[in-house]
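*Asks:* Input: one structure, supplied below.
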Amino acid sequence: SQQGEEDPQALSIQEGENATMNCSYKTSINNLQWYRQNSGRGLVHLILIRSNEREKHSGRLRVTLDTSKKSSSLLITASRAADTASYFCATAIDRGSTLGRLYFGRGTQLTVWP
Amino acid sequence: GAVVSQHPSRVICKSGTSVKIECRSLDFQATTMFWYRQFPKKSLMLMATSNEGSKATYEQGVEKDKFLINHASLTLSTLTVTSAHPEDSSFYICSARSSLSEETQYFGPGTRLLVL
């Protein structure tokens, strides 16, 4: 299965601390994306990193990608209580009929305490 | 930003009935829409890929006669759960991919289905 796996499954931190989540996958990818989901809601796209990129920043988010290790990390700096949510990585494989399909990991539940 | 809506947001039905869920891209044309299913505290499982004007492509293990998908226009895809059973209870989420930005999918808010 191409499905990604996030680590840890749950993370609990205090406001102001940094939160790091990791994602591993199994096959070659075109890009890897991180999404956020608040409880019972849809997903919000956070950031996309292509297979030829190693690091990307967006505000307080920093994503790295190591294609040799088939892994990615999402760092949220100076976390806030409002960052509490589930975070998913999703891999995209652009090969023929699989174009555009995303394969999601099980997610990391992040809780940020005030 | 791109907005995708789903209707209804929540539905409760009796076992044996059919339920239709709509997914609309509100401010862009979506050549491709995707349907996912999510169990509590679990990952999203891709059910099918829906292309406007053609038959949907179902993932392995997903019954196409059970989950009917229609993508009649560039802004609307529907998922019909036929003869629903309690095990079909789940959170169904659609996403849409714009023809202008094929790498990014925009997700709807989801539909909570409860089959009694």
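The values are calculated or read from the model by the stated rules, or taken from the named source; none is laboratory data. All values derive from a computational prediction rather than experimental measurement. Positions of Cβ are backbone-derived with ideal geometry, glycine not excepted, and every protein chain shown enters the neighbour counts. Keep in mind that these areas ignore ligands, DNA and RNA; they rest on the heavy atoms of the full protein, side chains included. Shrake-Rupley method; radii C 1.70, N 1.55, O 1.52, S 1.80 Å.
*Asks:* Among A:V44, A:S68, B:G108, whose Cα projects farthest towards the positive end of the dipole of the protein assembly as shown, with charges put on the beta-carbon of Lys, Arg (+1) and Asp, Glu (-1)?
*Replies:* Projecting each Cα onto the dipole axis, the largest value belongs to B:G108.
*Asks:* Same structure again: Net charge around A:T20, counting only other residues with Cβ within less than 12 Å of its Cβ (Lys, Arg = +1; Asp, Glu = -1)?
*Replies:* In short, -2.
*Asks:* Over the heavy atoms of B:H7, what accessible area does a 1.4 Å probe trace out, to the nearest 10 Å²?
*Replies:* 120
*Asks:* Further, regarding this structure: How much accessible area does B:S98 have with a 1.4 Å probe, in Å² rounded to the nearest 10?
*Replies:* Surface open to solvent at B:S98 totals about 10 Å².
*Asks:* State in Å² the accessible area per residue of chain B; use a 1.4 Å probe, count heavy atoms of protein chains only, and round to the nearest integer.
*Replies:* The answer is 49 Å² per residue.
*Asks:* How big is region A:10-114 in terms of Cα radius of gyration and Dmax, in angstroms?
*Replies:* Just the Cα atoms of region A:10-114 yield Rg and Dmax of 13.7, 47 Å.
*Asks:* At 1.4 Å probe size, put B:L114, A:L46 in order of accessible surface, largest to smallest.
*Replies:* B:L114, A:L46
*Asks:* Filter the trypsin sites (Lys or Arg not before Pro) in region B:40-116 down to the DSSP loop ones having no more than 15 other Cβ atoms within 10 Å, then list what survives.
*Replies:* Those satisfying the criteria are B:K41, B:K42, B:K55, B:K64, B:K66.
*Asks:* What are the equivalent ellipsoid semi-axes of region A:52-114, built from the alpha-carbon gyration tensor (square roots of five times its eigenvalues), in whole angstrom, biggest first?
*Replies:* Ellipsoid half-lengths, sorted descending, are 26, 15, 10 Å.
*Asks:* Leaving out ligands, DNA and RNA but keeping every protein chain, what accessible area does B:D27 have, in Å² rounded to the nearest 10, with a 1.4 Å probe?
*Replies:* About 90 Å², ignoring ligands and nucleic acids.
*Asks:* Additional query: Does any residue of region B:41-63 lose at least 20 Å² of accessible area with all protein chains in place compared with its chain alone, and if so which ones (probe 1.4 Å)?
*Replies:* Listed by number, the residues meeting the 20 Å² cut-off are B:K42, B:S43, B:L44, B:L46, B:E59.
*Asks:* Now for a separate question. What percent does the relative contact order of chain A come to when contacts are Cα pairs within less than 8 Å and at least six residues apart?
*Replies:* For chain A, the relative contact order is 38 percent.
*Asks:* Same structure, new question: For chain B, what log10 I(q)/I(0) values come out of the Debye formula at q = 0.14, 0.19, 0.21, 0.23 1/Å, with one point per alpha carbon and no solvent?
*Replies:* -0.51, -0.94, -1.14, -1.35
*Asks:* Can you give me the % of accessible surface on chain B that is carbon or sulfur? Probe 1.4 Å, all protein chains present, nothing else counted.
*Replies:* About 52 percent, which is the carbon plus sulfur part of the accessible surface.
*Asks:* If you take the charge dipole of chain B about its Cα centre, with +1 on Lys and Arg Cβ and -1 on Asp and Glu Cβ, which of B:T57, B:A84, B:L68 is farthest toward its positive end?
*Replies:* The residue sitting most towards the positive pole is B:A84.
*Asks:* In Å² (nearest 100), what accessible area is buried between A and B, both sides summed, heavy protein atoms only, 1.4 Å probe?
*Replies:* 1600
*Asks:* If you find the alpha carbon centre of region B:62-116 and of region A:26-72, how far apart are they in angstrom?
*Replies:* Answer, in whole Å: 24.
*Asks:* Could you give the accessible area per residue of region A:14-67, probe 1.4 Å, as a whole number in Å²?
*Replies:* Here the residues of region A:14-67 average 51 Å² of exposed surface.
*Asks:* Relative contact order for chain B: what is it in percent, counting Cα pairs under 8 Å that are at least 6 residues apart?
*Replies:* This gives 37 percent for chain B.
*Asks:* Mind checking A:86-92 for the average number of partner chain beta-carbons within 10 Å of each residue's beta-carbon?
*Replies:* Mean inter-chain Cβ contacts per residue within 10 Å come to 2.
*Asks:* Arrange the residues A:R60, B:R37 by how much accessible surface each exposes, largest first, with a 1.4 angstrom probe.
*Replies:* Order by accessible area, largest first: A:R60, B:R37.
*Asks:* Measure off, as a whole percent, the carbon and sulfur share of the 1.4 Å-probe accessible area of chain A, all protein chains present.
*Replies:* C and S fraction of accessible area: 46 percent.
*Asks:* If I stretch the segment between A:Q9 and A:S51 completely, what's the gain in nm (0.36 nm per residue apart, minus their alpha carbon distance), one decimal?
*Replies:* 12.7 nm
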